[in-house]
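Okay, so here's the structure we're looking at.
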Amino acid sequence: MLEEFLPFIGLIIFGNIENLILASQGVVQGVNPRILGGLSIICVIAWIFIGTVATEVAIQYSSIITFIGGLAIVILGIQSVQGAVKNIKKAQEGENNG
């Protein structure tokens, strides 16, 4: 039974990394952690449902899905780093002016 999910192992790993990146972006932007956590739980439940229902159809496209997931993580990572750098620069400018 577990063997049929092995093509998605990369997507599972990428998905966890993506959740961490999105959470860090939320923290950097000052989002309420309870709202962020609630929305994250809703997304996880939705993905569990989609994964349970659509696995047989999606298994044919697992390599493409994994590639798209990896690409999304790279893009989100770049956005996260850019946001963090901007906030660090603002904080440093505030210290220099204050």
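For region 24-35, the tally of residues that are under 13 Å from the mean Cα position of the chain (by Cα) and at pLDDT 80 or above stands at 0. Just to be sure, is Thr66 among the hydroxyl-bearing types (Ser, Thr, Tyr), at negative phi and open to solvent by 100 Å² or more (accessible area, probe 1.4 Å)? Spelling it out, it is not the case that Thr66 is among the hydroxyl-bearing types (Ser, Thr, Tyr), at negative phi and open to solvent by 100 Å² or more (accessible area, probe 1.4 Å). So for region 32-41 (the condition being polar (S, T, N, Q) and touching a Gly at 6+ places or on another chain (Cβ under 6 Å)), does at least one residue qualify? Looking for residues that are polar (S, T, N, Q) and touching a Gly at 6+ places or on another chain (Cβ under 6 Å), one finds none in region 32-41, hence no.
The values are calculated or read from the model by the stated rules, or taken from the named source; none is laboratory data. For clarity, every value in this text was computed on a predicted model and none was experimentally measured. Positions of Cβ are backbone-derived with ideal geometry, glycine not excepted, and every protein chain shown enters the neighbour counts. Side chains included, ligands, DNA and RNA excluded: accessible areas come from the protein's heavy atoms. Shrake-Rupley method; radii C 1.70, N 1.55, O 1.52, S 1.80 Å.
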